[in-house]
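Visitor: Can you keep this structure in mind? I'll have questions shortly.
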Amino acid sequence: MQNAMTVDVEDYFQVSAFESYIKKSDWDVCEHRVEQNTRKILKIFAEHNIKATFFTLGWVAERYPELIKSIVAEGHELACHGYEHIRVTEQTPEQFRLDIRKSKSILENISGTSVIGYRAASYSINKQNLWAHEILEEEGFRYSSSIYPVKHDLYGIPDAPRFCYKPLQNKNFIEVPITTLPFLNKNLPCGGGGFFRFYPYFFSKLAIDRINSAEQKAAIFYFHPWEIDPNQPKQSGLSFKTQFRHYLNLTRMEARLKKLIHDFEWNTMENVFLDAQNPD
Ligand SMILES: [Zn+2]
């Protein structure tokens, strides 16, 4: 069973939880670490001979075009994470359309490949903005991985389908929700990010094992370049919750990630979900 390995290519100061602390206009004067961290990830993937999908911000691609070319040259899938990490919940349908059109064309012009996958900033497709799927399809995307079927203070549709589905009638477009595990009438998030750093490794392994064997489904894992960078500049003044979520176990992440890569089979979103599987 192949699972999908995904990376959301953004820098540590671009996460939604830092929005009220770092202005977008200051991004260019922050110390940039996304290129070196993403290159470190490329090296880890090459050493373990796996291919992954890189959901990348247009903002990052414009500043680091060589990085984008390396991602594609090494056989990975390049996909879109919007231009500058604005959540879909903050956009009108027209603003959303312009954002995905702009970021898709930046990525395609630099890489010379077509970009068919999209992930919303902070999994911000929810019940109020399901129009986003239609616009994605109209703008030439073939899949989205933007819904987390969990209850969370910042995102999620707790009762969304847990696995790959077609949100639009008579269209081949698919939504591939992030992996969860049902537990006591709730879905536990187990697709990566902060949860992967929070749970002991054996729990994450058990969850993916269960999804692969008992449910016979592929899992999706996601993480960010800044999560393998314990030396990133520390932001002051954060709320306790934001500080805890962002900095927890950063020193353990790289070793844990390597275990995960070793323990399961991994491939790109496109290879796992568009070619191998027909959604119900
Ligand atoms: Zn993001």
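The values are calculated or read from the model by the stated rules, or taken from the named source; none is laboratory data. A quick note: this is a predicted structure, and the numbers were derived from the prediction, not measured. All Cβ positions, even for glycine, are placed from backbone atoms using ideal geometry, and neighbour counts span all protein chains on display.
Visitor: Can you tell me which residues in segment 126-145 are at negative phi, modelled with pLDDT of 95 or more and not in a helix (DSSP H, G or I)?
Guide: The answer is Glu139, Phe141, Arg142, Tyr143, Ser144, Ser145.
Visitor: Of everything in segment 46-93, what is free of Cβ contacts under 8 Å to residues at least 40 places away in the same chain and under 13 Å from the mean Cα position of the chain (by Cα)? Give them in sequence order.
Guide: Once the filter is applied, which keeps residues that are free of Cβ contacts under 8 Å to residues at least 40 places away in the same chain and under 13 Å from the mean Cα position of the chain (by Cα), segment 46-93 yields Leu78, Gly82.
Visitor: Here's something else I'd like to know. Please enumerate the residues belonging to segment 133-148 that are within 16 Å of the ligand (Cβ to nearest atom) and within 20 Å of Leu78 (Cβ to Cβ).
Guide: Within segment 133-148, Ser144, Ser145, Ser146 qualify.
Visitor: Just the residues that are within 23 Å of Phe96 (Cβ to Cβ), in contact with a Lys or Arg (Cβ under 7 Å, 6 or more places away or on another chain) and either of a type in the set (Gly, Ala, Ser) or in a strand (DSSP E or B) (or both), please, taken from segment 146-198.
Guide: Across segment 146-198, the qualifying residues are Ser146, Ile174.
Visitor: Quick check on my filter: what residues within segment 95-123 are assigned to a loop (DSSP other than H, G, I, E, B) and touching a residue at least 60 places away in the same chain (Cβ under 8 Å)?
Guide: Within segment 95-123, Ile116, Arg119 meet the criteria.
Visitor: It is to be established whether one or more residues within segment 82-104 are more than 13 Å from the ligand (Cβ to nearest atom) and small (Gly, Ala, Ser).
Guide: no
Visitor: Take the residues in segment 1-57 that are touching a helix residue (DSSP H, G or I) at 6+ places or on another chain (Cβ under 9 Å), among the acidic types (Asp, Glu) and not in a helix (DSSP H, G or I), then tell me which one is farthest from Thr113 (Cα to Cα).
Guide: In this case the residue turns out to be Glu31.
Visitor: Would you mind stating whether Asn37 is free of Cβ contacts under 8 Å to residues at least 12 places away in the same chain and either within 16 Å of the ligand (Cβ to nearest atom) or of a type in the set (S, T, N, Q) (or both)?
Guide: Judged against the criteria, Asn37 is not a match.
Visitor: Still on this structure: Which condition number does Val15 fail, the rest of (1) at pLDDT below 95; (2) more than 16 Å from the ligand (Cβ to nearest atom); (3) within 21 Å of Ile220 (Cβ to Cβ) being met?
Guide: All conditions are met except number (2).
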